[in-house]
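The values are calculated or read from the model by the stated rules, or taken from the named source; none is laboratory data. Note that the coordinates shown come from a computational prediction; the quantities given were computed from them, not determined experimentally. No Cβ is skipped: glycine too gets one built from the backbone with ideal geometry, and neighbour counts run over all protein chains shown. Only protein heavy atoms, including side chains, enter the accessible area calculation; ligands, DNA and RNA are left aside. Shrake-Rupley method; radii C 1.70, N 1.55, O 1.52, S 1.80 Å.
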Amino acid sequence: MKIAVLAGDGIGPEIVGQALKVLKALARDGLKIELEEAPFGGAGFDAHGDPLPEPTLKLARVADAVLCGAVGGPKYDVLPRAKRPEQGILRIRKELGLFANLRPAVLYPELVGASTLKPEVVSGLDLMIVRELTGDIYFGEPRGRRNNARGEREGFDTMLYSEPEIRRIAEIGFQAALKRGKKLCSVDKENVLETSRLWREVVSDVAKKYPQVTLAHMYVDNAAMQLVRKPKQFDVVVTGNMFGDILSDEASMLTGSIGMLPSASLDAQAKGLYEPIHGSAPDIAGRNVANPLATILSSAMMLRYTFNQDEWAYRIERAVKDVLAQGYRTADIHEPGTRKVGTKEMGDAVVAAL
Ligand code: IPM
Ligand code: MG
């Protein structure tokens, strides 16, 4: 099992370093993996003048899975859009056909006090956002800048979904629901957008294949509200690229910290890119304070979804639960009475708990 490791920028190298410690510990116990690192994002730009350098893309193509940290930083904000670190992540998703983004939001009982919401609203929360990742307004053409007839500057983007794109992500949503609580909520803006009208039609059509799954449709604005009002009503949420981007950040805060949430981005063959859903946090980079658990949990998702190694995945997840139960907390989830540790110490604690 060959894993391309793209640590990226900011806290990326620190948190990926902890996930690698965990994977290497499992390798000593017999997990067969080969790791190879390559520069990506701002680091790719620094090394090769491109956020997704050719050798990095090549490595990602030949690897069975990709483990990413995070990309971006103030230093790169001045670059033209094509050279910005974010383009590296968008391009690698597109190039590898990673259309299915799974973003579980699970609240660990130990962290119920870390959420900004009342314990009774969030305790026991376990939902999964299935976000379409290679279409929508993120990639639709035409896009650009122009001057209109009055000589005023305009910016424009195109929100666009084809039926096959909707169909395949709907399938992933229904499949995920089948393995969980058998409830799927499709989120759109059907009262306003043509893309959403098609979305709703196609999702409803795919639903006929899955009579065991209860399908509901919800407008995105209502979904944003329901997520904070009564988040436990959700099991699996399936939605487009932009709505999924926004709702998954919102859902992460239900669990106490965005530093806890892993993600998987899969192609049709379950080859995947795995990354925490948070960003590169340049303000805390290099200070050994970032929470590595989202990245460590991303490596567990990798073992489960791409390598079909449920037991190894479970060992990592179990170890994370154990360190939380033992009271280890990074700064983002720290509360009085718990044990505040740094990035490395958290990684060590997970390795010890394995
Ligand atoms: C995410 C991020 C990315 C996105 C950015 C970095 C381009 O916010 O993975 O959610 O918008 O998809
Ligand atoms: Mg986002």
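Here are the numbers:
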{"item": "Cβ-based net charge around E154, under 9 Å, with every Lys or Arg adding one and every Asp or Glu removing one", "result": "+2"}
{"item": "Prolate/oblate/rounded call for the range 184-232, Cα gyration tensor, a/c under 1.5 rounded", "result": "oblate"}
{"item": "Per residue accessible area in Å² of the range 233-305, where ligands, DNA and RNA are left out and the probe is 1.4 Å", "result": "25 Å²"}
{"item": "Within straight-line cross-link reach of K75, lysines at Cα separation under 16 Å, skipping those fewer than 8 residues along the same chain", "result": "K83"}
{"item": "Inter-site label distance for K232 and R287 at 7 Å from Cα along Cβ, in nm", "result": "3.6 nm"}
{"item": "Rounded D (µm²/s) - the chain, Kirkwood Rh over Cα pairs, Stokes-Einstein at 10 °C, 1.306 mPa s", "result": "76 µm²/s"}
{"item": "Among the listed pairs K183/K208; K94/K183; K183/K271; K208/K232; K21/K321; K183/K209, those beyond 21 Å (Cα-Cα)", "result": "K94/K183; K183/K271; K208/K232"}
{"item": "Percent carbon-and-sulfur accessible area, the range 117-234, ignoring ligands, DNA and RNA, probe 1.4 Å", "result": "52 percent"}
{"item": "Efficiency of FRET from Cβ geometry, A270 and T214, R₀ 22 Å, rounded to 0.05", "result": "0.30"}
{"item": "Anchor K32: aspartates and glutamates whose Cα lies under 20 Å away (excluding residues fewer than 8 positions away in-chain)", "result": "D64, D310, E311, E317"}
{"item": "Extended-chain gain in nm, criterion 0.36 nm per residue less alpha-carbon gap, A27 and R146", "result": "37.4 nm"}
{"item": "Carbon + sulfur, % of accessible area of the range 18-83 - ligands and nucleic acids excluded, 1.4 Å", "result": "54 percent"}
{"item": "Euclidean distance of C-alpha centroids, the range 1-51 and the range 182-237, integer Å", "result": "35 Å"}
{"item": "Prolate/oblate/rounded label for the range 215-270 (Cα gyration tensor, a/c 1.5)", "result": "oblate"}
{"item": "Nearby aspartates and glutamates by direct alpha-carbon distance to K179 (threshold 12 angstrom, same-chain neighbours under 8 apart not counted)", "result": "D235"}
{"item": "The range 220-354 shape via C-alpha gyration tensor axes, a/c threshold 1.5", "result": "oblate"}
{"item": "For the chain, the longest site-free run once trypsin sites (Lys or Arg not before Pro) in DSSP loop states with at most 11 other Cβ atoms within 10 Å are removed", "result": "210-354"}
